[in-house]
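The values are calculated or read from the model by the stated rules, or taken from the named source; none is laboratory data. Keep in mind it's a predicted model, so treat the numbers as computed, not measured. With ideal geometry, Cβ positions are generated from the backbone for all residues, glycine too; neighbour counts draw on all protein chains shown.
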Amino acid sequence: MLLMDSSTKISFNRCIRDGDLVVVYERHDTMKAVKVCENSVLQNRFGVFKHSDWIGKPFGSKVFSNKGGFVYLLAPTPELWTLVLSHRTQILYIADISFVIMYLEVVPGCLVLESGTGSGSLTTSFARAVSPMGHVYTFDFHEQRAASAREDFERTGISTLVTVGVRDIQGDGFPDQFSGLADSVFLDLPQPWLAIPSARNMLKQDGTLCSFSPCIEQVQRSCETLRSDFTDIRTFEILLRTYEVREWKMDHLKVNDGNSTACPPRKRRQPSSEANVGDNASSPAVMARPSAETRGHTGYLTFARKCVS
Amino acid sequence: MSENKPESGPTVNPRVTREGCSVLLDINDGDRLVFACLSAGSTLKIGNKTFSLQPLIGCPFGSLFQVESGKEKPYLSRFIPPTEENNVQDGGGCQLQEESRDNRAIIDNNQAQSLTGDDIDAMRRQGATGNEIVEALIANSATFDKKTQFSQEKYRLKKQKKYAPRVLLRRPFSRSICEAYFKKYPARIGFLRVDALSLLLSMANVSANSDVLVLDMVGGLVTGAVAERLGGTGSVCNAYLGGTPYPMEIIRMFNFNNEVCKRVLRCSVNDLCAVQNETSEQVSQHEDVCTMESQSDEKTSLSVSTEEVHLSSKNGVSDLVPENELSTTGKTCKAPKAGEKAPKEVIQSWKENGFSSLIIAAPEQDAWILVKDLLPLLTYSAPFAIYHQYLQPLATCMHNLQLEKMAIGLQLSEPWLREYQVLPSRTHPCMQMSGSGGYILSGTRAYSNTSQS
């Protein structure tokens, strides 16, 4: 997924090969990750797609099924991965992810600690941000979940950047080997305040911490704990509002010169009056309005910075 | 693990300031934000007094400084804030006591404070510290004890800011740079809020080793943010329309090393769009344009260096306003130069392979006109993100992209960001918030058999 070397980099000259991971795009809300395998087929409501038809086509191509239905084949990105990954837990979405990466000041070369791993949605973006020289160590106390995450990171080709550990961070803290080495720590735990003292020990001076919590009570307690060794404690909520765009023919209601709001039967206007030519044919206009149904809450993001002594 | 590849020579610790580095100074907890270039001669003005920034050199980022009244003149001194245990009176950790006080007895008659300005001046002359003055003001306030705990805290903070101002030393990152500009000169960065900037970077999949095409009319903020994510790998092509590159003075705030700067290149959209197999005549014409461009480049670099001269010679500090005033003396801040003209072979490689990401931040341009020309430069399946301060141009652009079937996965979105005050029994959203951080149109370039190249 990430451009670890030039052979994986998408370009005009890089076509889909056997073994590539592609994101099959049906619609903006219907996508699926598929490993291209010469003899395999993909079956969906549009029909049967032969993988062998895909090989040699550029990424971004439209491919057809036996019934003439079509899908697009996209090169995977962390954003697409967030939309196709299997949900083993509640995941973080693009608005929170983007803000976390920027606010934690994660740049190439950083060492990032994360707990829990969950479904690995944020982990994938952390990996992108620290590459090529940095590393993400992510911990989950759920053995099976950690194993699935490991498999996913193999599949998306980021396993050289991510190490998944099985550990109860709330109970045992982060491993001592990272003491004083972490540039950033991210916590998505039910009782983050239990892990904050350990996170503090892991962080370099002036290192950044973020805790994601859905409930304000969690935030309240985390902030109380943070106040002893951290500065710049700030809590945010971020949402993404999406818009629907369509072309619309507006009816141009004629308003009388008087104050009447009634729409009188169309009269022939004197040509001498103000230019109204073309007004009769209502002109189409492109307009946007916020999508009706939207996410109202994901979680609170609390950021803090380790005090410099 | 260091965050940037060490340059040749001794490894530079990016977490400690050094002479000539760019820093962000946060004065009195965000009241004022100032970019400065640290040198022996650089100074900072707070109120009517001038302070040398010399004590800040060699300190770790994140250090706090407080104004101390010295024997001859006041100076900035490292300040370690008291920890929780001996600072309980500010209500930080303890639960709010049952508050019985309220403001019924407080009358605004300007007689609560018995210390006069002359008294305070006298204290200063006798060498009282800022903190001592604050304590004296509290002791001589007739109403302090009647205030609620919360407003006592507010009073103390207000006086501390005035009599013992604090300066926080910040490491400039795209986060802090964007926030500082958004707070102070939002129009200069096209009202691009930090969360919108962060979304642009993810939606365009900016990652190490990618080749990112950027049309940056927001002073270099987006170019710098992209270069930060590339960390000295891949390339950023800062494209411009016409013959003159757009200003990108903000990029100098980032403290980029040579490795990162080298990856930031400039190229005109004309050169990028020119058909590959052009006749020799066209080539020579292009070369003419190139020479003119490099001249204009030199002009820009000249004005850039004068700005630096201005910064360090006058007081080494810029309140984010890049003024191109001429000043002939003083040391320049040695910052590696980003934004060289893209060499021919690099342009050729961009054309052959296509860019792996596109970001447009041209808040005063028509988005569709730009996208029409720039999208074909993007490789198939590559993501793009277009920022605009207005919704309508993006709506039109999205509609046209759909009609022309140039892209899929189109999404028009607007981030919403709310900060919270979190305090014991006093948690609520902040009273003021930014109403809009701008709009983003994102999508992925689709391959169609009719697409060119």
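Some notes on this structure:
- A residue that is away from every other protein chain (no Cβ under 14 Å) and on the phi > 0 side of the Ramachandran plot cannot be found anywhere in region B:254-270.
- Residues located in region B:10-56, provided they are assigned to a loop (DSSP other than H, G, I, E, B), modelled with pLDDT under 90 and of a type in the set (A, V, I, L, M): B:12, B:40
- Applying the criterion of being in contact with a Phe, Trp or Tyr (Cβ under 7 Å, 6 or more places away or on another chain) and hydrophobic (A, V, I, L, M, F, W, C) to the residues of region A:72-91, the residue that is farthest from the other protein chains (Cβ to nearest Cβ) is A:73.
- Just so you know, in region B:129-184 the residues that are closer than 13 Å to residue B:115 by Cβ and of a type in the set (Gly, Ala, Ser) include one that is modelled with the lowest pLDDT, and it is B:142.
- Among the residues of region B:192-208, not a single one is in a strand (DSSP E or B), touching a residue at least 24 places away in the same chain (Cβ under 8 Å) and more than 10 Å from every other protein chain (Cβ to nearest Cβ).
- The one condition in (1) within 14 Å of chain A (Cβ to nearest Cβ); (2) farther than 22 Å from residue B:372 by Cβ that residue B:222 fails to fulfil: (2)
- Boolean, residue A:185 is over 23 Å from residue B:426 (Cα atoms), buried (at least 16 other Cβ atoms within 10 Å of the Cβ) and not assigned by TED's automatic domain parsing to the domain that holds residue A:123: no
- Across region A:217-235, the number of residues qualifying as within 23 Å of the chain's Cα centre (by Cα) and surrounded by fewer than 19 Cβ atoms within 10 Å (Cβ to Cβ) comes to 1.
- Being part of a helix (DSSP H, G or I) and either small (Gly, Ala, Ser) or under 18 Å from residue B:363 (Cα atoms) (or both) is a property that residue B:187 has.
- Put simply, of B:16, B:67, B:12 the only residue that is more than 14 Å from chain A (Cβ to nearest Cβ) and either touching a Phe, Trp or Tyr at 6+ places or on another chain (Cβ under 8 Å) or not charged (D, E, K, R) (or both) is B:67.
- Matching option when the condition is in contact (Cβ under 8 Å) with a residue 24 or more places away in the chain and not polar (S, T, N, Q), among B:186, B:165: B:165
- Only one of the listed residues (A:225, A:231, A:156) is out of contact with any Ser or Thr (no Cβ under 8 Å at 6 or more places or on another chain) and modelled with pLDDT under 95. That residue is A:231.
- Pairs with Cβ under 8 Å, 6+ apart, first in region A:78-94 and more than 18 Å from residue B:382 (Cβ to Cβ), second among the hydroxyl-bearing types (Ser, Thr, Tyr) and surrounded by fewer than 20 Cβ atoms within 10 Å (Cβ to Cβ): A:86/A:148; A:88/A:148; A:92/A:298; A:93/A:298
Condition check ((1) among the β-branched types (Val, Ile, Thr); (2) within 13 Å of chain A (Cβ to nearest Cβ); (3) out of contact with any Lys or Arg (no Cβ under 7 Å at 6 or more places or on another chain); (4) surrounded by 24 or more Cβ atoms within 10 Å (Cβ to Cβ)) across all residues:
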position	(1), (2), (3), (4)
B:357	no, yes, yes, yes
B:365	no, no, yes, no
B:377	no, yes, yes, no
B:382	no, yes, no, yes
B:394	no, yes, yes, yes
B:399	no, yes, yes, no
B:410	no, yes, yes, no
B:422	yes, yes, yes, no
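- Residue under evaluation residue B:132, criteria (1) within 14 Å of chain A (Cβ to nearest Cβ); (2) outside any loop (DSSP other than H, G, I, E, B), criterion not met: (1)
- Members of region B:434-447 that are in contact with a Gly (Cβ under 9 Å, 6 or more places away or on another chain), more than 17 Å from residue A:289 (Cα to Cα) and assigned to a loop (DSSP other than H, G, I, E, B): B:446, B:447
- Some residue of region A:117-136 being of a type in the set (A, V, I, L, M, F, W, C), crowded, with 24+ Cβ neighbours inside 10 Å and farther than 22 Å from residue A:9 by Cβ: yes
- Criterion violated by residue B:447 - all others in (1) within 8 Å of chain A (Cβ to nearest Cβ); (2) in contact with an Asp or Glu (Cβ under 9 Å, 6 or more places away or on another chain) satisfied: (2)
- Members of region A:137-168 found to be hydrophobic (A, V, I, L, M, F, W, C) and either in contact (Cβ under 8 Å) with a residue 24 or more places away in the chain or surrounded by 18 or more Cβ atoms within 10 Å (Cβ to Cβ) (or both), listed by number: A:139, A:141, A:146, A:149, A:153, A:158, A:161, A:162, A:164, A:166
- When the test is whether a residue is modelled with pLDDT of 95 or more, farther than 26 Å from residue A:166 by Cβ and within 25 Å of the chain's Cα centre (by Cα), residue A:105 passes it.
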